[in-house]
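Laboratory data are not the source of any read-out in this text; all were calculated from the coordinates shown. It should be emphasised that the depicted structure is a prediction, and the values quoted were computed from it without experimental measurement. Glycine gets a Cβ as well: all are built from the backbone with ideal geometry, and neighbour counts include every protein chain shown.
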Amino acid sequence: MALHVKLPIGALGLLLSLSSSLRAQDAKQIVQQAVATELAANRDDHSHWRYLKTEDGGGKFVVVETENGAISRHLEEAGKPASPGVIAADNQYIQKFIHDPSLQQKQRQNAAHDDRDAAELLNLLPQAFDWKIESETRETTTLSFRPDPNFHPPDMESRVMGEMAGTLVVDKRQHRIQTMKGALSEDVNIGFGILGKLRQGGTFEVERRQLAPGLWQITQTRVHIEGRALFFKTIGQQEDEVKFDFTAVPPGTTLEQAVVMLNQPQK
């Protein structure tokens, strides 16, 4: 004989609320684990690469990274082969960079600053947003995020990030972030709109892929945020950057050797 148990409406609502709360905890744990994995991987990743890069406006470059810095040269400008004048200017700067330790040091400092900023924003992901698991496959988990009203951003960059809503895709096996897409959920006013304003709907997209076991790199960055910011000019930006044709650069490669790699014919 079948046994039917009727739950009071209040108890059913409580169960649903608990289930939703547990799912939210699971989602945040996935994000926290992915963030911890990324930060550890960034600390341990000493790889360098030769790759091609395209930018918004039709620019195309070949780039070679080394322990002492990265050098690059135009291949195309505005979608057409780079002119002899542009290539000559690139070659002149490359030679100056190779023989000027202060330029190398400045590039390393800028890269370290960018890494610190990225790490700080990465650390804020679990607390800046409300997270929800949207779907799963055998390989990935897709989560959605929206601003957490209880988040108090420590600076302007995190304030802009905290107004985003979008999706995050995490590799299940390695706990690595594959893609992150978001859009400003509302206008961001800087100084009550007097110092600047970023418009609702501005978008960003970052895609990453594994180039070698355990080694991941950003392959696409697309930022389309419109607005004005009088004292924060770098916040409002338009950027489309795609990296491809990666080849590992051997450890210990010098900048002079990097120039030889720069001159290798394209595939």
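Please work out how much length the chain gains when fully extended from Glu120 to Ala78, using 0.36 nm per residue of separation minus the C-alpha to C-alpha distance, in nm with one decimal.
Computed gain between Glu120 and Ala78 is 11.6 nm.
Quick check on the exposure proxy: order Ser135, Ser158, Ser102 from fewest to most C-beta atoms within 10 angstrom.
Exposure proxy ranking, most exposed first: Ser102, Ser135, Ser158.
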